[in-house]
1. Which net charge results for the neighbourhood of Tyr156, defined as the other residues with beta-carbon distances under 9 angstrom from its beta-carbon, given Lys and Arg at +1 and Asp and Glu at -1?
2. As an exercise, use a Förster radius of 30 Å and the Cβ-Cβ distance of Glu651 and Thr269 to find the FRET efficiency, rounded to the nearest 0.05.
3. Net charge near Glu434: determine it from the other residues with C-beta under 10 Å of the C-beta of Glu434, scoring Lys and Arg +1 and Asp and Glu -1.
4. Dividing the convex hull volume of the Cα atoms of the chain by its residue count, what figure in Å³ per residue is obtained?
5. Run the numbers for Glu479 and Thr667: contour at 0.36 nm per residue of separation, minus the present Cα-Cα distance, in nm.
6. Among 185-197, 250-262, 600-612, how do they line up from the highest to the lowest mean number of other beta-carbon atoms within 10 Å?
7. Percent of Cα-Cα pairs per 10 Å bin, from 0 to the last occupied bin, for the stretch 31-166, please list those.
8. Can you give me the long-range amide H partners of Ile398? Hydrogens built in the peptide plane at 1.01 Å from N, cutoff under 5 Å, separation of 5 or more residues or another chain.
Amino acid sequence: MGDRLLARAAQNGPSMRFQLVLALIVFCAAGCQAQVYSPTVLKAGQVDTTSLRALALDIYAQAGAHTERDKAEAIWRFFLTDGRFVKPGFWYHIAGWAYEEPDGEVLDPMKLLNSYGFGLCYHIAPLLSAVWDAGGFEHSRVWFLTGHTVAEVYYYGQYHYYDSDMMGYNAVGSGPLKERDVASVHQIERNGNIILGKLTAPGVTDKTAVDDPWYPADVRAKAIGGLAELFTTTNDNRLYAFTRYPRGHTMDFVLRPGERMIRYFRPETPDLYYLPYKFDGTSWHEFPQEIAQYHIRTADGPQSQKDSRRWATGRIEYQPTESDLAAIVQKDGSGSIIIPMPCPYVVIDAQFKMNASLASGGDSVSVDTSVDDGHTWTRGAAIHGPFQGRWNAAPAVIVKSEHGQLTAVSGSYGYWVRITAHRADGGKKFGVHEVGLITRFEVNPRSLPGVAPGHNQFLYRSTNTIRTELPVNVQRAAEAAGRQTNLAYVANDGQGYTINRSPQAGEMVLPLAAPDGAEIGGFDVGGRFLDLRDGLAPDKFTAEVRHVAPWPATDAAAPMADLSWSTKPEGPYRTLWTYDPKLNWPDGQPIDRTLRWPEVDHRVNEIPTGTRRVYIRYRIRGMALDKIRLAVSERARRSSSPLEITHAWIENGAHRKYVERAGASQTRLSYAVDIPANATVSNEALILECPAR
């Protein structure tokens, strides 16, 4: 977790020497028994948020969209921020809650769709771009207007600006409204009357010239002039010249025997939510800010300020068997067990429950956690003997503040827990049994399949592929001896990136291996590269722009970056991406105000049979690298377990549930839940459970 990990390791406990062999140490039970891989339940007619391509197609189908104009508008309308204008009101506007250290404001589409469902303009604009791209459009792009971020999509030979955050777009020309062109940012820059001309008087809209909604808050506040000025004051308008969003996260996960995932349709308790904190290089602070003008109170959590929409939470509960615990202790030989607890959703906190048998004062049990696959550990709770009974432990608390606390696992997407038992007499008996691990996370409830009065048809599916995301600390990677040349990490006020020490090219090579040394079926590589020629870099606190020292300051050579891979550390390397500073303009209209920060992501599926390790090479000259993304995939080496699917709801005031069972190795299942048409229904939870052996 970047700078946060370094701060935690220094303040809260021992660390392990950083190693760049990114192979997951898998809990023994995961390697020798059946599991369930990425189980998904969807309701017929529900959009699928686990895949951008599927989401776009589902939006088209719901809207009956066939032309490119119709499809672009359908995606815009689906993400409108006010639920009064669109159902189900998937997305809403709120400041300060979609933020994760060390990366900052969340821009990953999968995280925004599934863990959040809310944010500001600089979240929703990249998300629109991502869904348009996945939906088959030739190109899309994002603009920073200094005070507002917007997205455009390219079709019919030109760009078109749609704004889901402020809720509007601008038709130009004549004829039926739905057949008119939609203006681009560049058009409005040159002619503000494209916006202003839609008014017949201050605060009064020409209904024949606009599609509803049309910037309703600005119309109500008589602030359309200010909106137009955002565009027409062109000196501070900048175009993100490359893809603005990362594609490193997916909703893949695994359920082990004895593990279940509960996703609620509302917060488990009213005060439970993911509270983001920012690290400024010195100390921690709550990221959300109180804004009295808009009635935003941090204590209310990330709820919509316009309607009743809220966030939701969930739990992953895992209880390994006693034989599993014994096997991992014998395998490790150090008096510790290490259990991975991956999570596809952003983690709020965790709990660890166990029975401990400590005979003397010299006996002890401690719990450590790691959010970087065991490279660093943070000491959590510890207990000393004599003690007999149930012990409830938790991760370390990094900071407590007015509205909550930051723990050593908050804001991650999974962690490892290490339980270490020490016996003063040197005995081998571990002294810990009946271990239960609980991870609590945040989920967007509008992504869940709920029941409703009438006939409810559901489809269950799972896969036979395991995908593991591997967290990489850019600073430690840049400083690792023997794995990099001519690279240095520079930071200021909690923000940093890797650059060259001297004008020559620099590189780092990262070995990438599958869990348990298994054969690799594919991998994903990516990162954010920064061309700093104009002295502008991303500001992680605002997702906008901050001023930095231009690089290179004196080197006349053109900036260079590439990303490649090999099956051998010495190569040869196969190039996946090369930075091209010469920009392409699909509409033939060059923009001279650009932010050159390419987000690069590639998936490689064609790998020689028997490959168990590949080597990823990042090279830069005169550029910066501030994010590395790696993931590895393998085919399941064992059959799937059975799965229990439970829908829980309240029907006419009474608690109800329906349980469906998918058999071992059953990857597709269709089933129905029928509820009286006149019933009053409130969804409670969707539970997926892999029964213990």
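We did not get these values from a lab; they are worked out from the coordinates using the rules stated. Quick caveat, the model's predicted, so the values are computed rather than measured. Please note: Cβ atoms are built from the backbone with ideal geometry, for glycine as well, and neighbour counts cover all protein chains shown.
1. Around Tyr156, the charge tally is -1.
2. Given R0 = 30 Å and the Cβ-Cβ separation, E is 0.85.
3. Within the 10 Å Cβ shell, the charges total +1.
4. Considering the Cα atoms of the chain, their hull volume per residue is 169 Å³.
5. Net length gain for the segment: 63.3 nm.
6. Those peptides, ordered most packed to least, come out 250-262, 185-197, 600-612.
7. Pairs per bin, as whole percents: 12, 42, 32, 10, 3, 1.
8. The list, which skips near neighbours in sequence, is Leu406, Thr407, Ala408.
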